[in-house]
Amino acid sequence: MVEGHVTISELKKVYESGDERTKAIDDLSLEVPSGEFLSVVGPSGCGKSTLLYLVAGFLEATSGTIAVDGEPINGPGTDRGVVFQNYALFPWRTVMGNVTYGLEEKGVDREERRTTAQRFIEMMDLDGFEDKYPKELSGGMKQRVAIARTLAYDPKILLMDEPFGALDQPLREALQDHLLGIWSGLEKTVIFITHDVEEAVYLSERVMIMTRHPGTKKTAVEIDIDRSRSREEIIMSEEYTQTKNQVWQSLREETKPEAQL
């Protein structure tokens with residue numbers, strides 16, 4: 001059975017600074033079934049990244065609950081892996097050293113962690129670069145190292161915070177396709193934060209649209225697209241266009257001036 005079922009119930013997050021209180025997330029409830037690829041879109045400042053960091057255990061909820069497979073989240077854990085937009089690689093470690101890091105933290109012996117790391121290095125088309133340092137890699141290669149490092153310690157859930165946002169369009173599309181191939185092969189639950197509607201619809205089984213600040217779930221759109229076809233066939237298809245427009249219209253309503261009154 002695939003693990004990694006996320007349950008979010010009546011979640012609230014308030015940031016406090018002195019006498020100021022800023023409500024980032026308000027009464028958000030959501031189910032993410034095991035193995036689902038869910039993208040989250042919403043207006044700037046709606047709390048998308050805050051939501052991801054709460055699920056990751058980096059932040060503590062003000063109220064409400066988050067659970068994985070029925071167990072409440074009380075902090076970071078190896079059942080959840082996070083990929084950031086800025087790569088977050090260790091500059092003093094090689095590609096191999098970065099990818100083995102999580103396995104070292106889990107206490108895996110040297111031979112096994114190198115074997116495991118090599119598997120994911122090859123999966124991300126990085127074989128031959130094992131001894132290179134981050135400064136010697138392109139942006140796309142750095143992001144592939146970051147993904148390999150996260151996958152190597154085998155989390156149930158992959159949390160991705162706009163991981164391709166800083167990349168140019170051709171590279172972004174290539175890594176999107178690479179991610180889809182990995183997800184379909186490894187059966188991970190994915191929660192993917194993005195501001196790009198086209199990316200969200202292309203990648204996901206479902207897209208959640210958040211309201212403007214303070215953020216909560218506005219609606220969720222099911223994505224029914226045959227992904228056995230090529231990228232070109234998908235993005236030119238009527239179902240892709242209709243779904244993209246549906247998500248875009250829902251998001252657009254949250255960014256209109258009257259929505260902020």
| field | Failed condition for G4, given (1) outside any strand (DSSP E or B); (2) over 16 Å from the mean Cα position of the chain (by Cα); (3) farther than 19 Å from T194 by Cα; (4) not charged (D, E, K, R) | value | (2)
| Only listed residue being crowded, with 21+ Cβ neighbours inside 10 Å, closer than 21 Å to V6 by Cβ and at pLDDT 95 or above, chosen from L151, L159 | L159
| query | Of G70, G81, G97, G35, which residue is surrounded by 13 or more Cβ atoms within 10 Å (Cβ to Cβ) and at positive phi? | reply | G35
| task | Would you point out which residue out of L38, L59 is assigned to a loop (DSSP other than H, G, I, E, B) and in contact with a Ser or Thr (Cβ under 7 Å, 6 or more places away or on another chain)? | result | L59
| said: Suppose the filter is part of a helix (DSSP H, G or I) and without any contact (Cβ under 8 Å) to a residue 40 or more places away in the chain; does E130 pass it? | reply: no
| task | For E10, indicate whether it is at pLDDT 95 or above, among the charged types (D, E, K, R) and more than 27 Å from A146 (Cβ to Cβ). | result | yes
| message | Given the criterion over 21 Å from M210 (Cβ atoms), among the hydroxyl-bearing types (S, T, Y) and at pLDDT below 95, identify the matching residue among Y133, Y101. | response | Y101
| task | Please name all residue pairs, on different chains or six or more residues apart, with Cβ atoms under 8 Å, provided the first residue is in region 72-88 and is closer than 17 Å to T189 by Cβ and the second residue is part of a strand (DSSP E or B) and of a type in the set (D, E). | result | V82/D161; V83/D161
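The values are calculated or read from the model by the stated rules, or taken from the named source; none is laboratory data. Nothing here was measured: the structure is a model prediction, and the numbers come from that model. Positions of Cβ are generated from backbone atoms using ideal geometry, with glycine treated the same way; all protein chains shown enter the neighbour counts.
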